[in-house]
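*Asks:* Please read through the structure below; I'll follow up with questions.
Computed from the coordinates by the stated procedures, all read-outs in this text should not be read as laboratory data. Bear in mind the structure is a predicted one, so any value in this text is a computation, not a measurement. Counting neighbours? That spans all protein chains shown, and the Cβs are built from the backbone with ideal geometry, glycine included.
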Amino acid sequence: MPLDNQKLLDVRSVDAPANSLPADGHGHVRDLETYKAMWKESVENPDKFFGEQARNLLVWNRDFDQVLHKSANFVDSPAWFLNGQLNAAVNCVDRHALADPNRIAIIYEADEPGEGYTLTYGELLKKVCQLAQLLISRGVKKGDVVTIYLPMVPEAVISMLAVARIGAIHSCVFAGFSPGALRDRILDADSRVVITIDQGLRAGKVIEAKKIVDDALESCPDVQTVVVVERTGKGGLIPGRDIKYGEAGKFKPYCPAVPVDSEHPLFLLYTSGSTGKPKGMQHSTAGYLLGAALTAKHVFGLTPGDIMFTAGDVGWITGHTYAVYGPLINGVTTVIFESTPVYPTHTRYWDIVDKHQVTQFYVAPTALRLLRKYGHEEIEKYSLKSLRTLGSVGEPIAEEVWEWYFHNVGRGRCTICDTYWLTESGSILGTSFPGVTPMKPGSCGYPFFGIKPVLINPTTGVEVDERPAEGVLAIANPWPSMARTIWGDYPRYQDTYLRPFPGHFFTGDGAAMDHENFIFVAGRMDDVVNVSGHRLSTAEIEASFLEGKLDNEPMIVESAVVGIEDELTGQAIVAFVVLEGWLKDKIAAGEHTVSDMSREAIQVVRKDIGPFAAPKKVFVVGDLPKTRSGKIMRRILRKIVSGETDQLGELSTLSNPQIIDDLISTVQNSA
Ligand code: WT7
């Protein structure tokens with residue numbers, strides 16, 4: 001990342017391609033001056049700006065009587081659109097279904113090409129209403145949390161909207177999570193209903209989703225209902241508890257929606273923090289929907305008839321905001337893609353773009369890095385002419401990858417929207433505006449409406465005004481789609497986001513801004529690792545490592561997990577472990593090997609969290625670097641694994657500096 005000031009000044013600026021300017025007449029930003037004026041109004045007069053936007057973009061059962069209620073000095077989360085009432089499903093489905101029932105809402109691109117289908121807004125309304133009634137018949141009420149453990153199938157979208165239609169709260173858990181992680185999330189949310197699938201299919205492989213749910217539910221006695229989508233028809237139902245999703249077809253095609261208060265929770269989405277316990281980020285109904293609607297419209301330049309393909313999963317925030325809510329509120333078509341970018345071949349994305357005439361394509365750099373390796377020849381055979389905006393999300397995009405995306409996929413005609421945001425923000429914080437703002441490779445552009453980004457000096461806590469500069473990235477004002485709390489733990493919410501830099505929302509990222517105020521995000525400053533766009537906490541993995549056993553005995557005394565740069569996944573995980581005495585003896589005697597130990601330990605992580613969290617490498621060391629108060633200094637381990645042993649920095653706070661040489665030689669010898 002070009003975080004050094006001189007390098008920042010050298011980043012070239014690319015003009016906004018005129019092609020990606022959305023057609024006139026739909027209220028988009030059409031030039032830089034308008035963007036600047038709108039941004040200024042949005043931060044200086046949020047009541048006026050967001051009040052108008054909320055009345056324009058959302059449909060209300062009852063108008064709100066105050067736009068923003070905020071605390072002095074931003075010590076509490078805000079409330080937006082007070083006393084307004086609305087329903088998310090009505091906003092996403094009913095209004096389009098009633099006006100234009102035959103418009104395509106969902107293009108389902110199934111794992112096997114050619115096996116998908118489409119759903120119109122009219123059909124979507126019917127399916128959402130039917131499932132809503134099935135849920136009501138199983139006792140689901142306003143305010144209940146329904147856990148959704150589904151891969152990218154249309155039923156995932158239908159489930160989210162059906163839950164929202166009756167005022168319940170959805171909690172989607174990524175279908176790559178293991179039984180243990182799923183159990184923790186069900187218990188934390190006190191969820192009594194789970195929606196899942198008999199088996200998922202991904203790249204021709206079967207995912208035993210229902211089995212994972214069954215395992216998880218062994219320790220969730222309060223779950224009374226499991227709704228099972230039939231994808232392959234394999235696997236049984238547990239009588240009394242399980243019910244086929246298909247039973248929804250017995251209900252009538254329409255049921256009224258339950259209007260909820262603006263601040264009523266729409267969903268929870270769990271994300272990793274720097275401690276082991278995942279945080280259930282709670283998003284509000286009105287503020288979140290407005291953020292999704294407004295960003296989807298302006299960042300991607302959505303116009304009627306557009307087909308948006310967000311290649312993210314509904315198990316993460318990208319899927320929520322830009323595969324489901326954003327496109328549907330705007331009444332366009334969303335592509336729900338069940339497979340991977342390389343199945344059956346590595347041209348799958350381009351097949352989809354040309355086949356469905358996709359206008360907006362949104363993906364994480366990790367997929368782009370992979371596809372770029374296949375060279376230019378094949379991609380040149382595709383037209384890709386329908387594309388207008390190309391989004392990137394989840395991690396910084398390296399300049400070479402940016403250039404490849406811009407030229408080879410976008411053919412120089414599309415705006416690259418490097419979108420910076422996080423689960424907590426609900427919607428995009430920083431980005432380019434299609435056809436309007438100049439782009440700089442590696443920069444996520446300018447702040448979105450209502451976002452006032454600032455850099456803070458981490459040591460003094462003071463805002464840094466000069467440019468170029470770097471610092472901690474914080475937001476100086478509340479915005480509509482920010483998460484309102486951590487489910488069941490408001491003090492942790494305040495401690496994590498609002499207390500570190502009083503008066504600001506702390507993003508957790510380090511960043512720089514250049515002389516023109518372009519934002520360059522460097523990455524997380526906490527112990528959070530980003531593997532293929534999946535956010536993982538090092539503490540969570542460390543805790544699970546300690547559970548590993550050989551001969552029924554604990555193997556590991558302590559462990560430290562760090563992220564290192566990885567060509568494909570962005571970051572990869574490596575672990576340092578200190579072994580129990582008995583195991584050291586057995587290894588010395590040749591009765592066990594280090595690889596027995598790492599295999600077992602990695603197995604526990606796969607089982608506790610999910611295969612994507614498995615460390616790539618495990619180093620056995622005598623001791624871990626610690627401060628005098630006993631905190632593990634992961635910064636030093638990160639430097640050692642990335643070979644930057646000449647940049648270990650300040651070592652005087654270490655209680656055990658003598659171990660450094662040993663750590664270095666362990667890493668070097670295993671290279
Ligand atoms: C973290 C949030 C937001 C959806 C996907 C990830 C990193 C996100 C960018 C970007 C550089 C980025 C940050 C952030 N990140 N987008 N465009 N450039 N870094 O959501 O799991 O909540 O992770 O992803 O470090 O804090 P998430």
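*Asks:* For ASP662 paired with LYS355, estimate the spin-label separation in nm (one decimal), with each label point 7 Å from Cα along the Cα-to-Cβ line.
*Replies:* Placing both labels 7 Å along Cα→Cβ, they lie 5.7 nm apart.
*Asks:* If packing is taken as the average number of other Cβ atoms within 10 Å across a peptide's residues, how do 151-159, 476-484 rank, most packed first? Each step should come with its number before you reach the end.
*Replies:* Working: 151-159: 26.2, 476-484: 24.3.
Ranking, from highest mean packing down: 151-159, 476-484.
*Asks:* Here's something else I'd like to know. Which pairs in the list LYS40/LYS70; LYS210/LYS244; LYS277/LYS631; LYS126/LYS279; LYS142/LYS297 are over 22 Å apart, alpha-carbon to alpha-carbon? Intermediate results must be reported in sequence, preceding the final value.
*Replies:* On the way: LYS40/LYS70 19 Å; LYS210/LYS244 12 Å; LYS277/LYS631 18 Å; LYS126/LYS279 34 Å; LYS142/LYS297 29 Å.
Going by Cα-Cα distance, LYS126/LYS279; LYS142/LYS297 fall outside the 22 Å limit.
*Asks:* Enumerate the amide H contacts of GLY391 below 5 Å, restricted to partners 5 or more residues apart or on another chain; note that Pro and chain-start residues carry no placed amide H.
*Replies:* Residues meeting the amide H criterion: PHE361, TYR362, VAL363, CYS417.
*Asks:* By how many nm would the segment from ARG413 to GLU567 lengthen if fully extended, with 0.36 nm per residue of separation less the alpha-carbon distance?
*Replies:* Values: separation 154, 0.36 × 154 = 55.44 nm, distance 2.74 nm.
The ARG413-GLU567 span can extend by a further 52.7 nm.
*Asks:* So in the chain, what percent of DSSP beta bridges are antiparallel if you round to the nearest 5?
*Replies:* Numbers: 60 of 100 bridges.
Of those bridges, close to 60 percent are antiparallel.
*Asks:* Also, quick follow-up: Compute the projected area of the convex hull of the Cα atoms of the chain, averaged over all viewing directions, and report it in nm² to one decimal place.
*Replies:* Working: hull surface 117.2 nm².
Averaged projected hull area, Cα only: 29.3 nm².
*Asks:* Here is a follow-up. How large is the convex hull of the C-alpha atoms of segment 203-260 per residue, in Å³? Spell out each step's value before the answer.
*Replies:* Details: hull volume 9.7 nm³, N = 58.
Considering the Cα atoms of segment 203-260, their hull volume per residue is 167 Å³.
*Asks:* Quantify how much of the Cα-Cα distance distribution of segment 532-669 extends past 27 Å, in percent.
*Replies:* Values: 1801 of 9453 pairs.
I get 19 percent for the Cα pairs in segment 532-669 exceeding 27 Å.
*Asks:* Which order do peptides 215-227, 88-100 fall in by mean Cβ count within 10 Å, highest first?
*Replies:* Working: 215-227: 16.7, 88-100: 21.6.
The packing order, highest mean first, is 88-100, 215-227.
*Asks:* Going toward the positive end of the dipole of the chain, with +1 on Lys and Arg Cβ and -1 on Asp and Glu Cβ, which of TYR117, LEU384, SER670 do you reach last?
*Replies:* TYR117
*Asks:* Here's a follow-up. What ranking do 232-242, 72-82 get when scored by the average of other Cβ atoms within 10 Å per residue, highest first?
*Replies:* Working: 232-242: 11.7, 72-82: 18.4.
Ranking the peptides 232-242, 72-82 by packing returns 72-82, 232-242.
*Asks:* Here's another thing I want to ask about it. Show the residues, 5+ positions off or on another chain, whose built amide H is closer than 5 Å to the amide H of CYS172.
*Replies:* The answer is ILE148, LEU268.
*Asks:* For every helix of n ≥ 4 consecutive DSSP H residues, a contribution of -39,500 (n - 2.57) applies; sum these over the chain, divide by its total residues, and give [θ] at 222 nm rounded to the nearest 500 deg cm²/dmol.
*Replies:* On the way: 20 runs with 185 residues, N = 671.
Counting only the DSSP helices, I get -8000 deg cm²/dmol.
*Asks:* Taking 0.36 nm per residue of sequence separation and subtracting the Cα-Cα distance, how much length would be gained by fully extending the chain between VAL59 and ASN552, in nm to one decimal? Mind dumping the intermediate values first?
*Replies:* Values: separation 493, 0.36 × 493 = 177.48 nm, distance 5.92 nm.
Between VAL59 and ASN552, full extension yields an extra 171.6 nm.
*Asks:* How much net charge surrounds VAL67 when only other residues with a Cβ under 14 Å from its Cβ are counted (Lys, Arg +1; Asp, Glu -1)?
*Replies:* Working: positive: LYS48, ARG55, LYS70; negative: GLU41, GLU44, ASP47, GLU52, ASP63, ASP65, GLU263.
Residues near VAL67 contribute -4 overall.
*Asks:* From the phi of every residue in segment 353-367, what ³J(HN,Hα) in whole Hz does the Karplus formula 6.51 cos²θ - 1.76 cosθ + 1.60 yield, where θ is phi - 60° and glycine or proline is x?
*Replies:* Here the 3J(HN,Hα) series is 4, 6, 4, 9, 6, 5, 9, 10, 10, 9, 8, 8, x, 4, 5 Hz.
*Asks:* Let me ask you something else. Tell me the relative contact order for the chain as a rounded percent, counting alpha carbon contacts under 8 Å between residues six or more apart. Intermediate results must be reported in sequence, preceding the final value.
*Replies:* Details: 1516 pairs, mean separation 94.1, N = 671.
Taking the mean separation of contacting Cα pairs over the length of the chain, I get 14 percent.
*Asks:* Which one of ALA248, LEU546, ILE238 has its Cα pushed farthest toward the positive end of the charge dipole of the chain, where Lys and Arg give +1 and Asp and Glu give -1 at the Cβ?
*Replies:* So the residue we want is ALA248.
*Asks:* Which far-off residues, 5 or more places away or on another chain, put their amide H under 5 Å from the one on GLY273, with H placed in the peptide plane?
*Replies:* The answer is LYS279.
*Asks:* Sticking with this one: Which three numbers, in whole Å and largest first, are the semi-axes of the equivalent ellipsoid of segment 121-258 derived from its Cα gyration tensor as √(5λ)?
*Replies:* On the way: eigenvalues 96, 61, 35 Å².
After diagonalising the Cα gyration tensor, the semi-axes are 22, 17, 13 Å.
*Asks:* Tell me which aspartates and glutamates have Cα within less than 13 Å of LYS211's Cα, excluding those fewer than 8 residues away on the same chain?
*Replies:* Answer for LYS211, where 13 Å is the Cα cut-off: ASP198, ASP242, listed by chain and number.
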